[in-house]
Each structure stands twice: as structure tokens, then as C-alpha cells.
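Below is one structure, written out as C-alpha cells; the observations come after it.
The values are calculated or read from the model by the stated rules, or taken from the named source; none is laboratory data. Predicted, not measured: the structure shown is a model, and the values here were computed from it. FYI the Cβ positions are ideal-geometry reconstructions off the backbone, even for glycines, and counts take in every protein chain you see.
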Amino acid sequence: MEKLERILQAANHARGRVLEARERAVELEREAAASAGRIRQETLAASREEARAAATAIIDEARAESAEFERRSAIEQGAFIERASTRVPDAITSVLRELVG
């Protein structure tokens, strides 16, 4: 009889340990899911920040290129106007000579 009681106690103890193990497994699974969610959010936030930084760099570069293009255009326009200004009086003089002449 004692042997049977010990066997039953051991079986009950084993059931209790199995239940504890299952509960711990469920707890670990919950913790893992929460940790994965946190990591996913952190990764997403870092990715967003990297994307913002890259977009800012691209926009800054485009603005710098645009400003350089405007600067060069202004220089070329000034040079064109200067050349035209020196040629117009000569052209007018030439036309008047032809008319008078």
C-alpha cells in the first residue's frame, strides 16, 4: 500500500511539474512575443529615422545643386547681356552707315 501511495504521490508530483513547465513555457512565449514586438518597433523607428536622414541629405544636395545652377545661370546671363550690349551699338552704327551711305 505504501508503495502505491508513493507511486501516486510521484505521479501527482510529476503532473504538478508538467503543469509548472507548461505555465513557464506559456510565460516565456508571451515574453518572447512582447520582446519581438518591442524589437520590431525599435527597428521600425530606426528605419524611419534613417529614411528621414537620407531624404534630408538628398533634399539638401538637390538644393545645393539648384543654387549652383542658378548662380552659373546668372553669370552666363550677365555675360550674354554684356556681349549683346557691346554688339548692339556696333550693329546700329553699321545699319546707319548702310542707310546713309
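For the reader, a short list of remarks on this structure follows.
A quick yes/no check of all residues on (1) modelled with pLDDT of 95 or more; (2) exposed (fewer than 10 other Cβ atoms within 10 Å of the Cβ); (3) touching a Gly at 6+ places or on another chain (Cβ under 9 Å):
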{"position": "SER47", "(1), (2), (3)": "yes, no, no"}
{"position": "ASP60", "(1), (2), (3)": "yes, no, no"}
{"position": "ALA64", "(1), (2), (3)": "yes, no, no"}
{"position": "ARG71", "(1), (2), (3)": "yes, no, no"}
{"position": "VAL88", "(1), (2), (3)": "no, no, no"}
{"position": "LEU99", "(1), (2), (3)": "no, yes, no"}
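- Boolean, GLU76 is part of a helix (DSSP H, G or I), surrounded by 10 or more Cβ atoms within 10 Å (Cβ to Cβ) and more than 18 Å from the chain's Cα centre (by Cα): yes
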